[in-house]
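A short worksheet on the structure shown next.
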Amino acid sequence: MTRIGAPLTHNPAAPTSTMLPATPSAPLSAALVLALALVLAWALDAFFGEPRNPLHPIAWLGKLLWPLGCRLRVLPQAAAFWGGALSWIVLAGGAAGLAWWLQKQLLGAAWWWSIPVLALLLKPMFAWRMLRDEVIAFEDSLALGLEPARERLSQLVSRDLSDFDEDTLRETAIETLAENLNDSVIAPLFWFAIFGLPGAVLYRVANTMDAMWGYRGVWEWAGKWSARADDVLSWLPARLTALSLYPAWRAASWRSLRRQAGRTPSPNGGWAMGAMALRLGVRLAKPGVYVLNETGAAPSSRNMVQALGFATMAAWAAMVLTVLSWVARAV
């Protein structure tokens, strides 16, 4: 036994240590890092919801799109179309390219750093808690009267709600919940499952550009490219959203769902709304534009609770399946 302060001596006969030198733990695979980043991003959404508008990258995008679109829409048709197309390519393509570069850099870093940063970048690409909370708040405000309900719902839709009664307001809220389940949750998760962060960013930017520019009338030519691009990117996710709400595996159910979806002007929006109408057994309509499941009853407060339940299950299922798709690639 060596005393503290005594000279150390080497004993050749003493056995050498059998302990191996410590080695760093194996790095996580890129696929597993992306899976864990999504889990953390989903947890951030569940606990904190959306960041305040000035901090949200989509709010920054909106501040850029509005003045740009106002300049484009006053141009001649051809110039407005090609200006809108070029703007989409630069903004959506540029954002996706930047996301690809950031993801590449982060996947080369330590996992304890890359996972939280990727989660923070991914979080603004979907908004499940905000959608759920706004629909709940609308139903609560409806108990206070039509005016509070109209004011609350106006934060989610761009329609003129001044003449809407209780039934029509509730129909609009359920339609908004179903359509935005695709746009704000399932579609960005779908593209994240395929391409990672760049896919989610590309979809989110494209959907935002369509939401701001994709209107007929004075916006039509400036926003035509954005509207068609969003139609393409939302085509498959919209149908997956519909099936998650209304599992139409039998031929007759599928035909009924497809018939309802075809009644709306949008090639995609009618799928989730039609599925929700059939699942709840209620009538959903946009006055003067379409009626879904016309033989259904007017939606009640109980139907609102059911709609939130079905949408919640669909949102969580989409998240879990997306995580598993990346975990499978890591195995």
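Just a few scattered comments:
- The stretch 238-331 holds helices (runs of 4 or more DSSP H) entirely within its bounds, and those carrying 3 or more residues that are surrounded by fewer than 19 Cβ atoms within 10 Å (Cβ to Cβ) and touching a Leu at 6+ places or on another chain (Cβ under 8 Å) map to 301-330.
- Residue within the stretch 79-92 that is within 19 Å of Arg204 (Cα to Cα) and loosely packed, with under 12 Cβ neighbours inside 10 Å present: yes
- Just one of (1) over 19 Å from Leu122 (Cα atoms); (2) hydrophobic (A, V, I, L, M, F, W, C); (3) within 17 Å of the chain's Cα centre (by Cα); (4) crowded, with 22+ Cβ neighbours inside 10 Å fails for Met212. It is (4).
- Any hit, the stretch 289-310, residues being of a type in the set (Gly, Ala, Ser) and under 24 Å from Phe126 (Cα atoms): yes
- For Glu50: the one exception among (1) in a helix (DSSP H, G or I); (2) touching a helix residue (DSSP H, G or I) at 6+ places or on another chain (Cβ under 8 Å); (3) at pLDDT below 95: (1)
- Residue in the stretch 218-228 that is modelled with pLDDT under 95, part of a loop (DSSP other than H, G, I, E, B) and over 18 Å from Leu122 (Cα atoms) present: yes
- Considering the stretch 58-78, and only residues there that are surrounded by 17 or more Cβ atoms within 10 Å (Cβ to Cβ) and not hydrophobic (A, V, I, L, M, F, W, C), the residue that is nearest to the chain's Cα centre (by Cα) turns out to be Gly69.
- Of all residues in the stretch 97-118, those satisfying the criterion of being buried (at least 20 other Cβ atoms within 10 Å of the Cβ) and either hydrophobic (A, V, I, L, M, F, W, C) or without any contact (Cβ under 8 Å) to a residue 24 or more places away in the chain (or both) are Ala99, Leu106, Leu107, Ile115, Leu118.
- Tally of residues being out of contact with any helix residue (DSSP H, G or I) (no Cβ under 6 Å at 6 or more places or on another chain) and either over 30 Å from Leu121 (Cβ atoms) or surrounded by 24 or more Cβ atoms within 10 Å (Cβ to Cβ) (or both) across the stretch 143-194: 20
- Checking the stated criteria, Ser87 turns out not to satisfy the condition of being closer than 25 Å to Ala178 by Cβ, hydroxyl-bearing (Ser, Thr, Tyr), modelled with pLDDT of 95 or more and part of a helix (DSSP H, G or I).
The values are calculated or read from the model by the stated rules, or taken from the named source; none is laboratory data. All values reported here derive from a predicted model rather than from experimental measurement. Heads up, the Cβs are rebuilt from the backbone with ideal geometry, glycines too, and the neighbour counts pull from every protein chain shown.
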